[in-house]
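The values are calculated or read from the model by the stated rules, or taken from the named source; none is laboratory data. Everything quoted here is computed from the prediction, not taken from an experiment. Note: ideal-geometry Cβ built from the backbone for every residue, glycine included; neighbour counts use all protein chains shown. The protein model used for the area step is the full one, side chains on, heavy atoms only, and it has no ligands, DNA or RNA in it. Shrake-Rupley method; radii C 1.70, N 1.55, O 1.52, S 1.80 Å.
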Amino acid sequence: MNISAVRGFRDVLPQESAIWQELEAQARRYLTAYGFAEIILPVVEKTELFARAIGETTDIVEKEMYTFTDRDDASLTLRPEGTASVIRAYIEHSLFHKEPVSKLFYIGPMFRRERPQKGRYRQFHQIGAEILGRDDPLIDAELLLLLHDLFTALQLTITIEVNSLGCTLCRPRHRESLRTFGESRLAALCANCQARLQRNPLRILDCKEPGCRQATADAPMLTAFLCPACGEHFDRVQAYLRQEQVCFSVNPRLVRGLDYYCRTSFEVLAQGLGAQNAVCGGGRYDGLVAQLGGPAVPGIGFAIGVERLVMLLQSHERQHLLHPDLFIAPLDERAETYAFSVAHRLRQEGYYIELDSSRRGLKAQMRRADKLGARYVLILGEQELAVGKGTIRDMQAKTDHPLAVDLTLPAQKMMESIQLKNI
Ligand code: HAM
């Protein structure tokens, strides 16, 4: 019997990985422009890290983590997200002593045992960014601007939704009011929400069950409970965004699925993805560094879901694949041996060369060159080798030119004369 990939774990085939690389390159470009540096983190952490950071009563920690006992009885977990690891590393390496503000980004796989469906996998990838050390609204707006710029560069139409989750001052009053509200609708809530209501009432706003969504439609929202400082913070974030003409809407129901958030929280949504339409999520987490044993340093960040974005970019039917700089079509074995060294010399200099070793006729090789989108084809046959010249076919102009250049010329010179048809 054939062995297939594990449910929820998938292969990324070349057509898709080309888009993936383009997305990653654009993200790196914008992250660098905004002053972020890369941090490369392990995929396995102590289970306790996620339980403490993400929250014991979240779906992720309650039901979705890949947790195992190591041979020394330590409980370890495949990371379900990157923020907890960044903060663990930030504290472990005392990064707060080195820089007043740390701007870090990471790219890599995350693992959550969710029910797989379109756009939702058990291994997925995130491009995440965190800013540690600043709590002013300008920073929140800057992070959202970065996302706006990146999605604009990718020519994607998205919606940014923002909300404020308040602080330790304003949250308790909201929790109390939400708990009372939940108790009054207890019978309409799902078993999970009923169980969580006492410990973490905010979770009832995040439940995806249609019954719970209906029952909580008129639940008290945090925006009505914000203290003056949180209210002003939120107003200023919005004013900065308006100043830079960033479109956004306030969604008072947006509570996010992780417990560490406070104040500004946001999600980026895209059309055409079905139910899994969030391509990015993030927000402020001012108490988290201290909660994990570090100093009282504020933080904010986001994570982009790579698979979902790649799906969107694919649906745009753009040509993302790299095209060969040159396709070499040898017509017999001797020409093939010769072509082998020419291709090697050009590749050494970084040119993308396709060498057809199928020994098929010229017509079939031309069809393949066309399919790959090669602009130039170098034809080498008995005749060509006899006179020491190749023939260059310009696939766009559909013309042939004898190539008088010495095929032993340095790679760059050879490519230049091919491109300029310097014959
Ligand atoms: P999150 O909302 O859980 O936030 O995940 C961020 C993004 O990862 C989602 O918007 C989605 O695009 C993608 N994603 C999540 N789960 C899956 C899945 N099962 N399959 C495919 N894609 C998925 C976080 O992880 C926070 N750490 C973000 C953050 C950083 N907050 C502050 N800093």
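What residue, of ALA5, ALA53, is among the hydrophobic types (A, V, I, L, M, F, W, C), crowded, with 16+ Cβ neighbours inside 10 Å and out of contact with any strand residue (DSSP E or B) (no Cβ under 9 Å at 6 or more places or on another chain)?
Numbers: ALA5 fails: crowded, with 16+ Cβ neighbours inside 10 Å.
Within the list ALA5, ALA53, the selection yields ALA53.
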Q: Can you tell me which residue among GLU38, GLU24, GLU48 is within 26 Å of GLN291 (Cβ to Cβ), within 16 Å of the chain's Cα centre (by Cα) and in the same structural domain as GLN126 (by TED's automatic domain parsing)?
A: GLU38
Q. For region 78-111, how many residues are of a type in the set (A, V, I, L, M) and under 11 Å from GLY294 (Cβ atoms)?
A. 4
Q.
Go through region 284-306 and report how many residues are buried (at least 20 other Cβ atoms within 10 Å of the Cβ) and either at pLDDT below 95 or over 19 Å from LEU49 (Cβ atoms) (or both).
A. 7
Q | Where a residue in region 247-268 is in the same structural domain as ALA290 (by TED's automatic domain parsing) and its partner, wherever it lies, is more than 11 Å from the ligand (Cβ to nearest atom) and of a type in the set (Asp, Glu), with Cβ under 6 Å and at least six apart | A | SER249/GLU161; ASN251/GLU161; LEU254/GLU161; CYS262/ASP286; THR264/ASP140; GLU267/GLU161
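Quick check: is even one residue across region 117-133 among the hydroxyl-bearing types (Ser, Thr, Tyr), in a loop (DSSP other than H, G, I, E, B) and open to solvent by less than 50 Å² (accessible area, probe 1.4 Å)?
Yes - at least one qualifying residue is present in region 117-133.
Looking only at region 273-314, which residues are of a type in the set (A, V, I, L, M, F, W, C) and within 14 Å of LEU132 (Cβ to Cβ)? Can you show your working first?
At the first step, the residues of region 273-314 found to be of a type in the set (A, V, I, L, M, F, W, C) are 273, 275, 278-280, 288-290, 292, 296-297, 300, 302-304, 306, 309-313.
Hits for region 273-314 are LEU288, VAL289, ALA290, LEU292, ALA296, VAL297, ILE300, PHE302.
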Q) Could you count how many residues in region 341-362 are more than 17 Å from ASP394 (Cβ to Cβ) and either in contact with a strand residue (DSSP E or B) (Cβ under 6 Å, 6 or more places away or on another chain) or among the basic types (Lys, Arg) (or both)? A) 8
Q | Selection count, region 385-416, where residues are in a helix (DSSP H, G or I) and either free of Cβ contacts under 8 Å to residues at least 12 places away in the same chain or open to solvent by less than 30 Å² (accessible area, probe 1.4 Å) (or both) | A | 7
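Let me confirm something: among PHE302, PHE327, PHE266, which residue is more than 11 Å from the ligand (Cβ to nearest atom) and in a strand (DSSP E or B)?
Working: PHE302 fails: more than 11 Å from the ligand (Cβ to nearest atom); PHE266 fails: more than 11 Å from the ligand (Cβ to nearest atom).
From the options PHE302, PHE327, PHE266, the qualifying one is PHE327.
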Q | Candidate set: region 103-135, residues that are under 22 Å from ARG284 (Cβ atoms) and among the small types (Gly, Ala, Ser); chosen: the one farthest from the chain's Cα centre (by Cα) | A | GLY133
**Q.** Matching residues in region 79-100 - criterion: being near the ligand (Cβ under 10 Å from one of its atoms), free of Cβ contacts under 8 Å to residues at least 60 places away in the same chain and assigned to a helix (DSSP H, G or I)
**A.** SER85
Q | Filter result (open to solvent by less than 30 Å² (accessible area, probe 1.4 Å) and either touching a residue at least 60 places away in the same chain (Cβ under 8 Å) or out of contact with any Pro (no Cβ under 8 Å at 6 or more places or on another chain) (or both)) within region 172-189 | A | LEU189
